[in-house]
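The values are calculated or read from the model by the stated rules, or taken from the named source; none is laboratory data. As the structure is a prediction and not an experimental result, all values here were calculated from the model. In this analysis, Cβ positions are derived from the backbone assuming ideal geometry, glycine residues included, and neighbour counts consider all displayed protein chains. When the accessible area is computed, the model is the full protein with side chains, heavy atoms only, and any ligands, DNA or RNA have been set aside. Shrake-Rupley method; radii C 1.70, N 1.55, O 1.52, S 1.80 Å.
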Amino acid sequence: MLIAQLSDIHAAPDNDNLQRLHRALDWLLTLKPDLLVVSGDLTDGGWGAGYRAIDSALQRLACRSLILPGNADDKTMMCENLAAFAHRSAHDALHFHEQVDNVPVIGVDVTVTGESRGDIRPHLRWLEAALMAQPHAAMIFLHQHLFPSGIAPLDNAMCEGGEALAQLLARLPHPPLALCAGHVHRAMSATFAGIPAYLCGSICPANPLMLNTQHIPMASDPPALLIHELRGDNRVTHFVSL
């Protein structure tokens, strides 16, 4: 099974990020993934027409799309303009929980209204129930990252509640296959509580690798995405730049 992950489109009337999205979708049309996950920050400024354009673009793929909000998203506009949220309320956490080829695919909406940071703590009870209901290990998606990226401005707005999440994961009979986020606008990998953790690169222009504020290299990365390949008990995550 192939799960494609896109993140951080940040479409706006004054940028070309919708065109960058179509470049990614052109590539995915050849790959033919079984599922697409979009892990947040679809538009800037609550751009309703942008949400509708993204919704139409995602329908180019034959597979289903599962979508999470990010800190830049307007949940009201998402619910009004995205087919995935046609019967959802902007007042609720926009989680998803699907079974795809016997693999649980879980998305946790960790956004905090009006803030850049995320917080998983209000959703741990929901997440634990979703995980405990499954006989197989899950793929978990969220927007804000759980491990420090080394880029200070973004690590000041990462997902809070990591320690409580680690305690939950330690209780599970089946640890997740991977924890997958976005938000940083750079592809990265690490471990979190002994579990592989990934940050998807962005469709929008990437952030520089600001590990040292005195030495910031230029960022010229193309649009990026992840492909999570699952074969039986094996998982390989592929980093793709377009």
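Of all residues in the range 87-142, those being exposed (fewer than 15 other Cβ atoms within 10 Å of the Cβ), within 16 Å of residue 3 (Cα to Cα) and at pLDDT 95 or above number 0. Looking only at the range 207-240, residues that are in a strand (DSSP E or B) and more than 24 Å from residue 137 (Cβ to Cβ) come to 1 in all. For the range 215-228, the count of residues that are among the β-branched types (Val, Ile, Thr), modelled with pLDDT of 95 or more, in contact with a His (Cβ under 9 Å, 6 or more places away or on another chain) and surrounded by 20 or more Cβ atoms within 10 Å (Cβ to Cβ) is zero.
Candidates are the residues of the range 153-178 that are out of contact with any Pro (no Cβ under 7 Å at 6 or more places or on another chain) and part of a strand (DSSP E or B); the one that is nearest to residue 100 (Cα to Cα) is 159.
In the range 152-170, the qualifying residues are those that are without any contact (Cβ under 8 Å) to a residue 24 or more places away in the chain and more than 19 Å from the chain's Cα centre (by Cα), and the one that is farthest from residue 234 (Cα to Cα) is 163. Looking only at residues in the range 143-153 that are of a type in the set (A, V, I, L, M, F, W, C) and at pLDDT below 95, the one that is farthest from residue 227 (Cα to Cα) is 152. Residues that are assigned to a loop (DSSP other than H, G, I, E, B) and without any contact (Cβ under 8 Å) to a residue 40 or more places away in the chain within the range 109-147 comprise 113, 114, 133, 135, 136, 138, listed in sequence order. With the structure loaded, tell me whether residue 98 is assigned to a strand (DSSP E or B), among the acidic types (Asp, Glu) and at negative phi or whether it fails that test. Taking the combined requirement at face value, the residue satisfies it.
Of all the criteria given as (1) hydroxyl-bearing (Ser, Thr, Tyr); (2) open to solvent by 70 Å² or more (accessible area, probe 1.4 Å); (3) in contact with a Lys or Arg (Cβ under 8 Å, 6 or more places away or on another chain), the one not satisfied by residue 191 is (3). The residues of the range 49-86 that are touching a helix residue (DSSP H, G or I) at 6+ places or on another chain (Cβ under 6 Å), among the small types (Gly, Ala, Ser) and at pLDDT below 95 amount to a single one, 83.
One residue alone among 65, 56 is hydroxyl-bearing (Ser, Thr, Tyr) and closer than 21 Å to residue 180 by Cβ, and that residue is 65. Is it the case that some residue within the range 181-200 is farther than 19 Å from residue 228 by Cβ and outside any loop (DSSP other than H, G, I, E, B)? No; the residues of the range 181-200 include none that is farther than 19 Å from residue 228 by Cβ and outside any loop (DSSP other than H, G, I, E, B).
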